[in-house]
Every structure is written in C-alpha cells, then in structure tokens.
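To start, the structure under review is shown below, and the notes come after it.
The values are calculated or read from the model by the stated rules, or taken from the named source; none is laboratory data. What you are looking at is a predicted structure, and each value in this text was computed from that prediction instead of being measured. Ideal geometry is used to build each Cβ from the backbone, glycine not excepted, and the neighbour counts take in all protein chains shown. We work out accessible area using only protein heavy atoms, side chains counted, and drop any ligands, DNA or RNA first. Shrake-Rupley method; radii C 1.70, N 1.55, O 1.52, S 1.80 Å.
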Amino acid sequence: MSEAISILFPVLLYTSQGCCLQYFYGSFLTGRIRDKRWNGLAAAASYTVLKLAMSRVGEPERWEYRAAAWRLAAALCFLTVIAFCFYKAFCLITAFLVVTFQAVSDISRYMAVIWIGELGDGMLDFWNWCAGKGIFVSKRSFAAAVNAGLIGGWILQYLMMSLALYLLLRKIVRDFREKEYGIRRTELLFLLTPSAVGLMLCLLLRIIIVAMEDGAPQILYDRYPILVAVIPAILLLSLLSILYGVKLFQDMIYLNRERSSRIILEKQVAGLQEHMEEMERVYSGIRSMKHDMKNTVLVMERLLAEGGVKEHEELKDYLAELNRTFEKLEIRFRTGNGIVDTLLNMKYYEALREVPDLKLETDGLLFPPGLKIQSYDVGIILGNALDNAIEACRRLKTEEPGADTFIRLGSLQKGNLLILKIENSFDGRLVKKGQDEFPETVKEDRESHGIGLSNIKSTARKYQGTMDFKVNGKVFILSVMMKNERRDEDGVWNPVGFE
C-alpha cells in the first residue's frame with residue numbers, strides 16, 4: 001500500500017503543477033492550438049509526463065552538487081520546450097515565465113518539506129510518548145498510527161505545495177497587468193533577478209541541507225535547530241522579492257505612461273497656444289487692414305487722379321506691397337476643415353523658418369462634410385505628424401543642403417473608415433532599440449522619446465483605429481486609420497447614423 005501511495009502522490013502533485021503551469025503560461029502567451037482548453041490540457045499532460053520521467057531516473061544524492069545542478073538545468077529545459085511547443089513563445093517574457101515558475105515551485109516545495117517535516121517529527125515523538133505511556137495496546141496499533149501520520153503528512157505536504165504554487169502564480173498573473181507590454185532586455189533582467197536568486201538559493205539548499213558525518217547522512221538543521229526558522233524566513237523573503245518585483249515593475253510602467261501622458265498634454269497645450277497666436281496674428285492683421293483701408297483708398301484715388309506715369313508706377317508698387325500683405329493673411333490650404341486649414345497654415349510658415357525651400361503638398365488631403373471625428377483629434381494627429389516631418393526635413397537639410405525636402409498629406413475614405421497618410425523626406429536612418437515600438441529620437445530631449453507617435457496612436461485608438469509606419473528609401477510613410485464615428489465625452493463611441 002505504501003508503494004502505491006508513493007507513486008500516486010507524486011502523480012497528483014505533478015498533475016496539479018502541470019495545471020498551474022498551463023494557467024501561468026496561458027495568461028501571458030498565445031497557444032498554438034486554437035482551443036485554449038485543449039492547448040492547456042496538452043501542456044499540463046506533457047509537464048506531468050516529463051516530471052514522472054525525471055523521477056524515474058532517480059533522485060540524486062543531495063550532496064552530489066553536479067547531479068543537482070544538472071537536474072535543475074533539465075527542469076528549466078523542459079519548461080522551455082513546453083513553452084515553445086504549445087505556445088507562441090518567441091519573446092523575452094518567456095524567460096521570465098520559465099525561471100519564475102521553477103523558482104516558485106522549488107521555494108514552495110522546500111517550505112512545505114521543512115514545515116511539514118518538522119510537524120511529522122513532532123507527531124512521531126508524540127506517538128513514541130503514547131507508546132511509552134502504554135496507550136497503544138499492540139505493535140500493530142502503533143504501526144497503524146505511525147503510518148496514518150506519515151500518510152497524513154504526505155497529503156498535507158503535497159497539498160501545501162500545490163496550493164502555495166497556485167496562489168503565488170495567480171498573484172503574479174494578477175499583478176502583471178501589462179501582459180501585452182513589449183519588455184526590454186534591461187527590464188527582463190530586473191524581473192529575472194529575484195527569481196534567479198530564488199533558484200540559486202534552492203539549489204544551495206539541495207546541496208548543503210544534508211551532510212555526511214561518519215558515513216551517515218545528517219540534516220543540517222538537526223545540527224543547527226535555528227535554521228528551521230531561518231531557512232523558511234529566507235525562502236519567504238525570496239518569494240516576496242519575486243512578487244514585489246513584479247508589482248514594482250508594473251508600477252514603473254504605469255508611472256512612465258503617466259509621465260508620457262503629461263508630456264503629451266504639455267505638447268497639446270503648447271500646440272493650442274501656437275494655434276491661438278496664429279489666429280491672433282491673422283485677426284490682428286485684418287483689424288489693421290480695416291483700420292488703414294480708408295487711407296489706402298484715399299491714396300489710390302489721389303494717384304489715379306493725378307494720372308501721371310510716375311504716379312501710375314507708384315500705384316503699381318503700392319498695390320504690390322498691399323498684395324504681399326494680403327498673402328500673409330491668406331489661408332493657403334483648403335481641406336474642408338477650418339481647424340486643419342489653420343493648423344496647416346501655422347505649420348507651413350513655421351516650417352519655412354526652418355527649411356525655406358520645403359514643399360508642403362496637401363492636394364490629396366480632403367475631409368468629407370459629414371466627418372464625425374472631432375476636429376481637435378484630427379489636429380492632434382496632423383500636428384504631431386507635421387512636427388516629426390518638419391524635424392526630419394530640417395535634419396536632412398542640415399546634413400545634405402542640396403537635398404529636396406517635402407511633406408505630402410493625403411486622405412482616403414472607405415466606408416466609415418478614414419485613412420490619413422503623411423509622407424516626408426528624411427535622411428534614411430531609422431533607429432529602433434530592442435523591442436521598442438517607436439523609433440529612437442535623435443533630439444537632445446530624450447524625455448520626449450516617441451511621444452509624437454505615441455500621441456498619434458493613442459488618439460487613433462479613441463476611434464477604434466490604429467497607426468503604422470514604414471520606410472521607402474529616404475521617404476518616411478505614416479498611415480493612420482480611424483473609424484468615422486463620434487466619441488462622446490463619457491468614452492462611448494457613437495457610430496455614424498446613431499444619435
């Protein structure tokens with residue numbers, strides 16, 4: 001019976017660990033099998049079979065550190081193979097999942113073995129005390145009590161291992177809120193360090209927990225009883241470092257996003273200020289022209305009345321100067337959207353100060369009369385795109401003074417989809433670092449890294465849209481697609497035709 005139990009309990013333990021593994025992997029990775037249940041079942045079953053195969057090889061002697069190290073390496077390899085066989089695991093987060101699962105599993109195991117082992121020793125002492133008092137009437141009853149205590153200890157130990165593993169992994173899954181976040185190498189090292197420390201700690205315990213004295217094995221904390229409290233405390237601290245490392249990492253992501261949002265807001269406010277200044281310039285010019293219009297008419301009447309050649313030449317020059325003044329007040333762009341026209345006008349004169357021969361082509365940029373997307377959001381997208389394009393053209397002109405610089409804007413409507421396309425010349429160098437979503441900035445202000453494109457993407461998402469960019473030689477092409485739907489202030493999208 002004891003042999004059957006010694007086989008049954010490990011099978012149940014490995015099965016429960018396999019279920020925890022598929023839950024842990026499945027929370028972060030996409031399964032290769034479309035049906036999640038079958039994919040999880042296959043992963044759990046594979047883990048159980050591999051662990052049973054390892055146990056059949058035989059448990060190494062605890063003081064054989066080479067065997068212990070190879071056993072740990074084999075376990076990590078098995079976990080990696082399962083991840084790549086049953087999940088689309090070609091990402092950095094897979095390393096975190098593999099190491100963390102093994103670390104949490106080993107720490108839970110050692111804590112359960114130490115605590116339940118001490119409880120079992122106390123129970124055995126209690127049975128011996130009962131036998132000394134004559135409570136057991138026969139050796140058979142004493143053996144039955146000892147076996148019952150051993151079985152109960154095994155059940156409690158394996159139950160504690162499985163329950164602790166599940167609860168700890170669930171805590172990690174819940175705290176790791178940004179599962180779609182593209183983790184970087186330095187961030188991976190930050191997450192891996194607590195788990196790797198936990199693994200090395202368990203390996204160290206496996207090597208030193210049993211020592212040989214006079215040819216007989218002796219457990220380390222039998223010689224130093226205080227280790228019964230110290231070792232679990234160290235293991236518990238290691239677990240907490242893993243849990244709080246994940247939480248701290250998520251908080252860092254949140255804070256960085258908040259900082260980016262603050263920078264975006266500051267840029268939007270600055271853009272609004274520029275817009276207001278441009279409008280003030282236009283209206284100020286109009287007021288000035290209105291004020292001077294009477295004098296202008298009088299001067300023209302006098303020159304025409306005198307009728308001389310000299311006066312006609314003076315009138316011609318005067319009208320030319322007046323025409324140049326009107327050109328400064330003219331809205332050069334007609335897209336069907338007043339805010340966009342004003343924005344383009346402002347950015348155009350701003351760009352001319354940086355790149356005098358810049359060509360801004362907007363013939364293909366037209367907006368339908370029934371546009372549901374808020375003009376403010378369209379302005380955010382075009383404003384950020386133009387800022388990036390002007391900076392790219394300026395940099396190209398600095399490096400290659402003879403290069404042609406241009407910015408082309410276009411739009412296309414398909415059904416209720418609005419597609420904006422912005423093309424601009426640039427120096428052809430686009431640097432992406434690691435798994436960064438956006439190109440690395442070349443500006444000295446590193447804090448604003450990727451803010452423009454991030455702002456465009458977040459605005460497109462408000463209308464269930466997306467953003468994409470590509471490079472064609474020395475032309476940078478940005479495409480933004482959005483649904484032509486109104487977004488209410490409470491965050492609810494109102495499709496076209498539904499008021």
Tell me yes or no: at least one residue of the stretch 443-464 is modelled with pLDDT under 90, in a loop (DSSP other than H, G, I, E, B), open to solvent by less than 70 Å² (accessible area, probe 1.4 Å) and of a type in the set (Phe, Trp, Tyr). yes
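Residues are listed down the side, and each one gets a yes or a no for (1) in a helix (DSSP H, G or I); (2) in contact with an Asp or Glu (Cβ under 8 Å, 6 or more places away or on another chain); (3) modelled with pLDDT of 90 or more; (4) of a type in the set (A, V, I, L, M):
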| residue | (1), (2), (3), (4) |
| --- | --- |
| Ala211 | no, no, no, yes |
| Val228 | yes, yes, no, yes |
| Leu237 | yes, no, yes, yes |
| Leu243 | yes, yes, yes, yes |
| Val246 | yes, yes, yes, yes |
| Phe249 | yes, yes, yes, no |
| Leu265 | yes, no, no, yes |
| Gln273 | yes, no, no, no |
| Met276 | yes, no, no, yes |
Quickly run through the stretch 397-413 and pick out the residues that are open to solvent by less than 20 Å² (accessible area, probe 1.4 Å) and at pLDDT below 90. Ala403
Exactly one condition in (1) more than 19 Å from Val475 (Cα to Cα); (2) open to solvent by 20 Å² or more (accessible area, probe 1.4 Å); (3) of a type in the set (S, T, N, Q) is not met by Asn388; state its number. (1)
Among the residues of the stretch 26-34, is there at least one that is at pLDDT 85 or above, touching a helix residue (DSSP H, G or I) at 6+ places or on another chain (Cβ under 6 Å) and in a helix (DSSP H, G or I)? yes
How about the stretch 35-62: which of its residues are at pLDDT below 80 and either closer than 21 Å to Val98 by Cα or in contact with a strand residue (DSSP E or B) (Cβ under 6 Å, 6 or more places away or on another chain) (or both)? Met54, Ser55, Arg62
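Per-residue answers, yes or no, for (1) out of contact with any Asp or Glu (no Cβ under 7 Å at 6 or more places or on another chain); (2) outside any helix (DSSP H, G or I); (3) modelled with pLDDT of 90 or more:
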site	(1), (2), (3)
Asn323	yes, no, no
Glu327	yes, no, no
Ile331	no, yes, no
Thr335	no, yes, no
Leu343	yes, no, no
Tyr349	yes, no, no
Thr362	yes, yes, no
Gly370	yes, yes, no
Gly379	yes, no, no
Looking across the stretch 63-78 at residues that are modelled with pLDDT of 85 or more and touching a helix residue (DSSP H, G or I) at 6+ places or on another chain (Cβ under 7 Å), the single one that is most open to solvent (accessible area, probe 1.4 Å) is Phe78
